[in-house]
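One structure is given here, and the rest of the page talks about it.
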């Protein structure tokens, strides 16, 4: 995927800050701050690119200077400006800037990584709040009557897919396995994985297949692939129908998959492989978010 050079705006709307000539000894892996950002964003999803570009734009608007002249004091001053934002937003913005500065230093564009000394605030773990109970999920699925939408919701939950992965599925990605089948998912970070499906879900997906192997599995009324915004609306409508929280999203179904699978005794490494977590520690967070037991239950009082 080609990553465009992103123009980082300044407060007065005059466009990106000019980058003075770099010292002669600095590597020319990147030609400018904008080019460095593009190199850093390369290969990330469009949604991630947009989010990070917005975070970096806020930093550039504050710093008002090229990256190779940014000081630790500039970083600390930027951190101070974030004090009124939610802790998670503060952490995300600082982490984005720190990652860019680290990348710039590693590739030789920046002589010093001034972001290394900045510590983002600790973010309160709220994962447990975004995990639906089994009954809530099943109620949500049962109330959906439209076959395409029902199959989509069931795949997001039973397959643990990300919304982008579901939107990217093609007919050729379905393969029969015994009395059911599997779906080949092109996931985050360019990694491909195969997800075995229950027979009932497999039958739901087979109904959606057409003759063209390159056609999208989940198609819009116009015939093209559903885009993430359409899937979001389908999930929101299903959650509202089931009288669940308005905050419920497609990713909540993925959270539910991991948590419920672990609760049912699925090995953590199998859950990791199914949902495509890069780290076993990420999968393990779900066990900590909703423990099956606690020492407090053994005490009287």
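Please treat every number below as a calculation from the coordinates, not as lab data. Since the model is a prediction, treat every value here as computed from it, not as a measurement. Glycine also receives a Cβ, built like all others from the backbone with ideal geometry; neighbour counts cover every protein chain displayed.
Quote the FRET efficiency, to the nearest 0.05, computed for residue 227 versus residue 247 with a Förster distance R0 of 25 Å and r equal to the Cβ-Cβ distance. Don't skip to the end; give the middle numbers.
Numbers: r = 21 Å, r/R0 = 0.84.
In this case the efficiency is close to 0.75.
Mind ranking 163-174, 241-252 by how tightly packed they are, going by the mean number of other C-beta atoms within 10 angstrom, highest first? Before the final figure, lay out the partial values.
Details: 163-174: 19.2, 241-252: 15.7.
Taking the mean over residues of other Cβ atoms within 10 Å, the ranking is 163-174, 241-252.
Go through 230-240, 42-52 and give me the packing order, highest mean Cβ count within 10 Å leading. Before the final figure, lay out the partial values.
Working: 230-240: 17.5, 42-52: 14.5.
The densest-packed peptide leads the list: 230-240, 42-52.
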Show me the ranking of peptides 85-91, 253-259 by mean Cβ neighbours inside 10 Å, starting with the highest. 253-259, 85-91
Using Stokes-Einstein with the Kirkwood hydrodynamic radius over Cα pairs, what translational diffusion coefficient do you get for the range 128-290 at 4 °C and a viscosity of 1.567 mPa s, in µm²/s rounded to a whole number? 81
What is the Cα radius of gyration of the range 143-182 over 2.2 N^0.38 Å, N being its residue count? 1.23
Would you mind calculating the gained length between residue 84 and residue 31 on full extension (0.36 nm times residue separation, minus the Cα-Cα distance), in nm to one decimal? 15.6 nm
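Multiplying the sequence separation of residue 214 and residue 200 by 0.36 nm and subtracting their Cα-Cα distance, what value in nm do you get? Could the numbers behind the result be given before it?
Numbers: separation 14, 0.36 × 14 = 5.04 nm, distance 2.37 nm.
Using 0.36 nm per residue and subtracting the Cα-Cα distance, I get 2.7 nm.
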For residue 175 and residue 95, calculate 0.36 nm times their separation in residues minus their Cα-Cα distance, and state this gained length in nm to one decimal. 24.8 nm
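Say R0 is 41 Å: what FRET efficiency, to the nearest 0.05, do residue 46 and residue 143 get from their beta-carbon distance? Walk me through the numbers before you get to the answer.
Working: r = 32 Å, r/R0 = 0.77.
The calculated FRET efficiency here is 0.85.
How large is Rg over Rh for the range 26-143, taking Rg from the Cα atoms and Rh as the Kirkwood inverse mean of 1/r across Cα pairs?
Working: Rg = 18.0 Å, Rh = 16.1 Å.
Answer for the range 26-143: 1.12.
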